[in-house]
Amino acid sequence: MTFASALKNELEEMGLQDISLDENGYLFATLPSNVSHEVPTIGFIAHLDTSPDMSGKDVNPRIVPAYEGGDIALCPEENIILSPGQFPELLDHIGEDLIVTDGHTLLGADDKAGIAEIVSAIEYLQKHPHIQHGTIRIGFNPDEEIGLGAHKFDVKRFGCDWAYTMDGGEVGEIEYENFNAASATITVQGRNVHPGYAKGKMLNALRIAAEIIGALPSQESPEQTEGYEGFYHPTSIEGTVDKASFSLIIRDHDRGIFENRKQFIYNTIADINNKYGEIVAKADVRDQYSNMREVIEPRMRIIDIACEAMRRAGVEPKIKAIRGGTDGAQLSFMGLPCPNIFAGGLNFHSRYEYVPIPSMQKAMMTIVHIAELVTQQ
């Protein structure tokens, strides 16, 4: 809320209108149209929170000017190195200024880069009034990193025909496909007796849980898949001989295959229960989010505009599928079509996170050109 309040003050100083910050941490504002004819109202969205995977406290960023290639010592004393040997994409940015960490925290470019790009684009439009644009809404939300960023997003109050999240990675990326997603909790009720007298009596819940996990196709895991390939992914396990439980996530881009994956879990539990002759295991499978392609594909003009805007910004569009989910996926099914555009950062959620400044500038100009194109069309 502290960051949102500071950002609200900045938007007020810029002279934006309809600025609101609600009790849940959602910050909205408006740049009014500068044309007389009717133009669709569009939005740009970024999230305020950063990943819990790495500390975001006391971030100490620095700029590596005109990167020359080779290793970047983030913390020489502890030999924490950002190296193209591990991250070959670094070499795509030779000659560019890079913002990096000191090796002890994440950078927070996910999604502070997106926030900076949106605010800078609005400021650019204000300073260049000859660029015609319709009403532009901007929104900054909390809790994206824990999957709750859209849960209390007031789509009706935001009031847009469509929007874009500025939350992608490498320059040029545009994404309107994401995983269908579900979570599953498996509980196993064992039967514990003294191990010295356990033959024919004991049911070890931990072994049965491991047996269920072992039944998952080994080649259909995150570490074995890419592109449009889906997976099963156990995420946690706890228990004793008497009772055990574990969680997993289920992902696939294809709706039919996704439904089959969920059924596979139930079938596996049924097989286990049949094997032991009693109900020892139960599964609770719940949908999390859906592939926004279902919403976006009938309105591909939204994507065409973004691609042309990138080209005008000197960027070749790279349409790709997200191996995950975004706020935009949930918002799309809430009535706000919302594909995802690059913010320019790399190695998100880690101490090796960095963002090339030219990539942020291109993202900013992509926003400007989107606003211009919507008005022209």
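The values are calculated or read from the model by the stated rules, or taken from the named source; none is laboratory data. Just so it is clear, the structure is predicted and the values come from calculations on it, not from any experiment. As a convention, Cβ positions derive from the backbone with ideal geometry for all residues, glycine included, and neighbour counts pool all protein chains shown.
Taking the residues in the range 179-199 that are of a type in the set (Val, Ile, Thr) and over 30 Å from Glu294 (Cβ atoms) as candidates, determine which candidate is surrounded by the fewest Cβ atoms within 10 Å (Cβ to Cβ). Let's see the steps before the verdict.
So the first thing to find is which residues in the range 179-199 are of a type in the set (Val, Ile, Thr), and the list is 185-188, 193.
Going one step further and asking which of them are over 30 Å from Glu294 (Cβ atoms), we end up with 187-188, 193.
On the way: Thr187: 17, Val188: 25, Val193: 14.
Among them, the one singled out is Val193.
Considering only the range 300-316, state which residues are more than 14 Å from Glu177 (Cβ to Cβ) and either part of a loop (DSSP other than H, G, I, E, B) or out of contact with any helix residue (DSSP H, G or I) (no Cβ under 7 Å at 6 or more places or on another chain) (or both).
Of everything in the range 300-316, those that are more than 14 Å from Glu177 (Cβ to Cβ) and either part of a loop (DSSP other than H, G, I, E, B) or out of contact with any helix residue (DSSP H, G or I) (no Cβ under 7 Å at 6 or more places or on another chain) (or both) turn out to be Arg301, Asp304, Cys307, Arg311, Ala313, Gly314, Val315, Glu316.
Give the residues of the range 268-326 that are on the phi > 0 side of the Ramachandran plot and assigned by TED's automatic domain parsing to the domain that holds Gly239, sorted by residue number.
Listed by number, the list holds a single entry, Gly277.
Could you check the range 134-192 and list, in sequence order, the residues that are in contact with a His (Cβ under 8 Å, 6 or more places away or on another chain) and under 30 Å from Ala210 (Cα atoms)?
Glu145, Asn178, Phe179, Asn180 - these are the residues of the range 134-192 that are in contact with a His (Cβ under 8 Å, 6 or more places away or on another chain) and under 30 Å from Ala210 (Cα atoms).
Go through the range 325-374 and give me each residue that's over 25 Å from Gln126 (Cβ atoms) and in a helix (DSSP H, G or I).
Asp327, Gly328, Ala329, Gln330, Leu331, Ser332, Phe333, listed by residue number.
Here's a check for you: in the range 13-30, which residue that is among the small types (Gly, Ala, Ser) and assigned to a strand (DSSP E or B) is nearest to the chain's Cα centre (by Cα)?
The initial filter retains those residues of the range 13-30 that are among the small types (Gly, Ala, Ser), namely 15, 20, 25, 29.
Retained after the next criterion (residues that are assigned to a strand (DSSP E or B)): 20, 29.
On the way: Ser20: 24, Ala29: 22 Å.
Checking each candidate, the answer is Ala29.
List every residue pair whose Cβ atoms lie under 9 Å apart, where the two residues are 6 or more positions apart in sequence or sit on different chains, the first residue falls within the range 53-66 and is closer than 22 Å to Phe3 by Cα, and the second residue, located anywhere, is of a type in the set (Asp, Glu).
Pairs that qualify, where the first residue is closer than 22 Å to Phe3 by Cα and the partner is of a type in the set (Asp, Glu), are Asp53/Glu145; Met54/Glu353; Gly56/Asp49; Val59/Asp102; Asn60/Asp102; Pro61/Asp102; Arg62/Asp102.
Which residues, counting only those in the range 2-22, are loosely packed, with under 12 Cβ neighbours inside 10 Å and of a type in the set (A, V, I, L, M)?
The answer is Ala6, and nothing else.
Looking at (1) under 17 Å from Ile115 (Cβ atoms); (2) part of a loop (DSSP other than H, G, I, E, B); (3) basic (Lys, Arg), which is the only condition Lys8 fails?
(2)
Looking at the range 263-289 only, could you name the residues that are surrounded by 20 or more Cβ atoms within 10 Å (Cβ to Cβ) and either closer than 16 Å to Ser332 by Cβ or not β-branched (Val, Ile, Thr) (or both)?
Those that are surrounded by 20 or more Cβ atoms within 10 Å (Cβ to Cβ) and either closer than 16 Å to Ser332 by Cβ or not β-branched (Val, Ile, Thr) (or both): Ala281, Tyr289.
Check the range 213-222 and report whether any residue there is out of contact with any helix residue (DSSP H, G or I) (no Cβ under 9 Å at 6 or more places or on another chain), at pLDDT 95 or above and among the polar types (S, T, N, Q).
Yes, the conditions are met somewhere in the range 213-222.
Quick check: anything in the range 263-279 at pLDDT 95 or above, touching a helix residue (DSSP H, G or I) at 6+ places or on another chain (Cβ under 9 Å) and in a loop (DSSP other than H, G, I, E, B)?
Scanning the range 263-279, I find at least one residue that is at pLDDT 95 or above, touching a helix residue (DSSP H, G or I) at 6+ places or on another chain (Cβ under 9 Å) and in a loop (DSSP other than H, G, I, E, B), so the answer is yes.
Pick from Gly230, Gly190, Gly172: which is touching a helix residue (DSSP H, G or I) at 6+ places or on another chain (Cβ under 8 Å), in contact (Cβ under 8 Å) with a residue 24 or more places away in the chain and at positive phi?
Details: Gly230 fails: at positive phi; Gly190 fails: at positive phi.
The unique qualifying residue is Gly172.
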